[in-house]
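Input: a single structure, listed below in structure tokens.
The values are calculated or read from the model by the stated rules, or taken from the named source; none is laboratory data. What you see is a predicted model; the values in this text were computed from it and never measured. Neighbour counts run over all protein chains shown; Cβ positions are idealised from the backbone, glycine included. SASA here: full protein model, heavy atoms, side chains in, ligands and nucleic acids out. Shrake-Rupley method; radii C 1.70, N 1.55, O 1.52, S 1.80 Å.
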Amino acid sequence: MNIILFGAPGAGKGTQANFLINEFDLIQISTGDMLREAVKLKTELGKQVETIMANGDLVPDKIIFSLISDRLNKEDIKKGFIFDGFPRNLKQAQKLDEIINDMNIKLDFVFHIDVDEEILTSRIENRAKQEKITRKDDTSSILIERLKVFNRETKPVLEYYSNKKILNVIDGMGTIEEVSLNISMIIKKDFKVD
Ligand code: AMP
């Protein structure tokens with residue numbers, strides 16, 4: 001089973017990705033984690049993307065395509081995977097279709113964890129106010145910028161999957177458990193899981 005998880009920054013995407021990985025024994029493919037690792041290790045790639053990420057902008061598609069193609073070449077993805085943070089724009093969605101068509105695999109579910117934008121903004125501000133800021137891009141002004149990028153670049157991708165009839169919009173305003181339950185109910189309805 002292969003899944004894409006969408007959510008604006010602050011929507012709880014990471015938390016739900018972790019839930020799904022454990023519940024359905026999937027591999028997580030997070031382009032954000034891969035890029036953060038490269039920055040931490042100060043690789044050539046890391047140096048190229050550090051400022052872009054710190055500003056909350058999108059890393060160039062070429063870099064993302066190469067990360068994704070390499071990752072999908074590994075054997076473990078046969079278990080089923082969940083994309084977290086990819087695709088982020090229409091070009092990436094189209095490229096993903098090409099790649100998986102070539103590999104003879106398909107996407108089973110696309111989930112959008114939908115959160116009210118005003119509430120999201122206040123969540124973002126609260127989160128940034130909390131002392132323990134663990135991510136460089138986790139300050140309120142950058143998060144607001146990331147929200148703008150999400151609206152401008154990533155929202156059209158939702159329409160792309162809606163037209164393909166594989167988009168499920170999940171109310172992201174409930175508790176973490178409620179959101180998880182809603183997602184797993186949809187999966188279990190369509191997919192026989194042990
Ligand atoms: P995330 O952890 O998914 O929120 O990603 C953190 C940052 O990494 C983003 O704000 C972007 O700068 C970059 N990034 C992650 N995934 C992508 C992607 N698919 N396309 C472009 N940039 C990305």
*Considering segment 68-82 alone, what residues qualify as being among the polar types (S, T, N, Q) and over 18 Å from the mean Cα position of the chain (by Cα)?*
73
*When only residues in segment 42-57 that are within 8 Å of the ligand (Cβ to nearest atom) and open to solvent by less than 20 Å² (accessible area, probe 1.4 Å) count, which is farthest from residue 187 (Cα to Cα)?*
49
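Inside segment 71-169, counting only helices (runs of 4 or more DSSP H) that do not spill past its ends, which hold 3 or more residues that are modelled with pLDDT of 95 or more?
Values: elements: 90-103, 117-129, 140-149, 155-163.
Because the criterion is at least 3 residues that are modelled with pLDDT of 95 or more, the helices (runs of 4 or more DSSP H) in segment 71-169 that meet it are 90-103, 155-163.
May I ask you to list the residues in segment 66-124 that are among the small types (Gly, Ala, Ser) and over 21 Å from residue 14 (Cβ atoms)?
Taking segment 66-124 and keeping what is among the small types (Gly, Ala, Ser), we get 66, 69, 80, 85, 93, 122.
66, 69 - these are the residues of segment 66-124 that are among the small types (Gly, Ala, Ser) and over 21 Å from residue 14 (Cβ atoms).
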*asked:* Among the residues in segment 7-25, are any closer than 16 Å to residue 154 by Cα, in contact with a His (Cβ under 8 Å, 6 or more places away or on another chain) and either open to solvent by less than 30 Å² (accessible area, probe 1.4 Å) or aliphatic (A, V, I, L, M) (or both)?
replied: yes
*What number of residues in segment 73-95 are under 18 Å from residue 20 (Cβ atoms) and either open to solvent by less than 20 Å² (accessible area, probe 1.4 Å) or among the basic types (Lys, Arg) (or both)?*
11
*Evaluate the following for residue 39: is it near the ligand (Cβ under 7 Å from one of its atoms) and open to solvent by less than 70 Å² (accessible area, probe 1.4 Å)?*
no
